[in-house]
1. Tally up the residues in the stretch 136-177 that are under 18 Å from residue 111 (Cβ atoms) and not in a strand (DSSP E or B), please.
2. Could you tell me how many of the residues in the stretch 225-263 are within 22 Å of residue 340 (Cα to Cα) and part of a strand (DSSP E or B)?
3. Can you spot a residue in the stretch 327-339 that is farther than 16 Å from residue 44 by Cα, touching a strand residue (DSSP E or B) at 6+ places or on another chain (Cβ under 9 Å), modelled with pLDDT of 95 or more and not in a loop (DSSP other than H, G, I, E, B)?
4. Name the residue, out of 114, 101, that is over 23 Å from residue 185 (Cα atoms), without any contact (Cβ under 8 Å) to a residue 40 or more places away in the chain and touching a strand residue (DSSP E or B) at 6+ places or on another chain (Cβ under 9 Å).
5. Quick one: which of 36, 27 is touching a helix residue (DSSP H, G or I) at 6+ places or on another chain (Cβ under 8 Å), buried (at least 19 other Cβ atoms within 10 Å of the Cβ) and at pLDDT below 85?
6. For residues that are within 20 Å of the chain's Cα centre (by Cα) and under 14 Å from residue 146 (Cβ atoms), scanning just the stretch 89-118, find the one that is surrounded by the most Cβ atoms within 10 Å (Cβ to Cβ).
7. How many residues does the stretch 275-302 hold that are touching a residue at least 60 places away in the same chain (Cβ under 8 Å), in contact with a helix residue (DSSP H, G or I) (Cβ under 9 Å, 6 or more places away or on another chain) and over 14 Å from residue 241 (Cα atoms)?
8. For the stretch 264-289, which residues satisfy the criterion of being surrounded by fewer than 20 Cβ atoms within 10 Å (Cβ to Cβ) and assigned to a loop (DSSP other than H, G, I, E, B)?
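The values are calculated or read from the model by the stated rules, or taken from the named source; none is laboratory data. Since the model is a prediction, treat every value here as computed from it, not as a measurement. When we count neighbours, we look across all protein chains shown, and the Cβ atoms used for this are built from the backbone with ideal geometry, even at glycine.
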């Protein structure tokens, strides 16, 4: 599969902006030429550190290791000189790149400290056995790696908890772990997950731990241009927080596509939900009782411009007006109408990509 090229849409906030530009400013789909859908992050691969601060959505301020030196991973061992683990535990900013391709067998969670960029462009690096753990860390970018086969109790491909902020997960392929693929819980917030591929898994993405963790009301997550490829449920399952989903492609789920638990707010815009042969319910509501409340309530979902294919049933309730408006939090995002062309490009461009490592200018 060749590298996926992209072009970023833009919008004008001037008083003379056209109607199309006004729509784009607020995240609404705008028409583009017949060349096909416009994907985000056109300039992110121009230079090595152009990723810093380039995310769309709630994780847009993540700078990773922007101000740190380059660290070159030269060993595929679990630990020791030149390893990824050594880089991740080093205090202070680092921009981590790989001089080798191959599989790293992790014996324990790989804990990532603050101000790190794990940049897999230019190589193909696969983490197996355990996953990445982001605990009380800030400004982390993880780009273009594969994580699969995480084994053990509570082992996720990427675990973000507690109280981690300004995180961007981009172009990662995640599959087959004993717990989740991405868990975002315990007060972690301002996170973007983009252009990732999720496959061969059951409980895909949990956002918000459980009804006792009322501190998760602060959670804000953006998920866009991701491909949920036959994963069974939780795309995501959300409690308490806010999630903005746009231009994702979810197909052939086993229970439901997305679930709103206690007090959750899900804004679903221009996503493609394609049901499999058996399960057709797209949105599920899960009533629960928050630890500091008396009532048992579910959350709310608002669907705008979503495509429901192969008999997919939205099963929406009337709670859409209770859902936050993304434009109240950020001005713009790259979003296309849900279309066959968008479906094709998300399948092609989500997950690990064979892109070269850009120069570090």
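1. 16
2. So in the stretch 225-263, the residues within 22 Å of residue 340 (Cα to Cα) come out as 225-231, 235, 244-253, 256-258.
Among the residues that remain, those that are also part of a strand (DSSP E or B) are: 227-229, 244-246, 249-251, 258.
Residues in the stretch 225-263 being within 22 Å of residue 340 (Cα to Cα) and part of a strand (DSSP E or B): 10 in total.
3. No, because not a single residue in the stretch 327-339 is farther than 16 Å from residue 44 by Cα, touching a strand residue (DSSP E or B) at 6+ places or on another chain (Cβ under 9 Å), modelled with pLDDT of 95 or more and not in a loop (DSSP other than H, G, I, E, B).
4. Numbers: 114 fails: over 23 Å from residue 185 (Cα atoms).
Among 114, 101, only 101 is over 23 Å from residue 185 (Cα atoms), without any contact (Cβ under 8 Å) to a residue 40 or more places away in the chain and touching a strand residue (DSSP E or B) at 6+ places or on another chain (Cβ under 9 Å).
5. Working: 36 fails: buried (at least 19 other Cβ atoms within 10 Å of the Cβ).
Going through 36, 27 in turn, the sole match is 27.
6. Selected residue: 118.
7. We begin by selecting, within the stretch 275-302, every residue touching a residue at least 60 places away in the same chain (Cβ under 8 Å); these are 288-292, 299.
Pick out the ones that are also in contact with a helix residue (DSSP H, G or I) (Cβ under 9 Å, 6 or more places away or on another chain) and you get 290-292, 299.
Those still in the list that are over 14 Å from residue 241 (Cα atoms) too: 291-292.
Qualifying residue count, the stretch 275-302: 2.
8. 276, 277, 278, 279, 280, 286, 287 - these are the residues of the stretch 264-289 that are surrounded by fewer than 20 Cβ atoms within 10 Å (Cβ to Cβ) and assigned to a loop (DSSP other than H, G, I, E, B).
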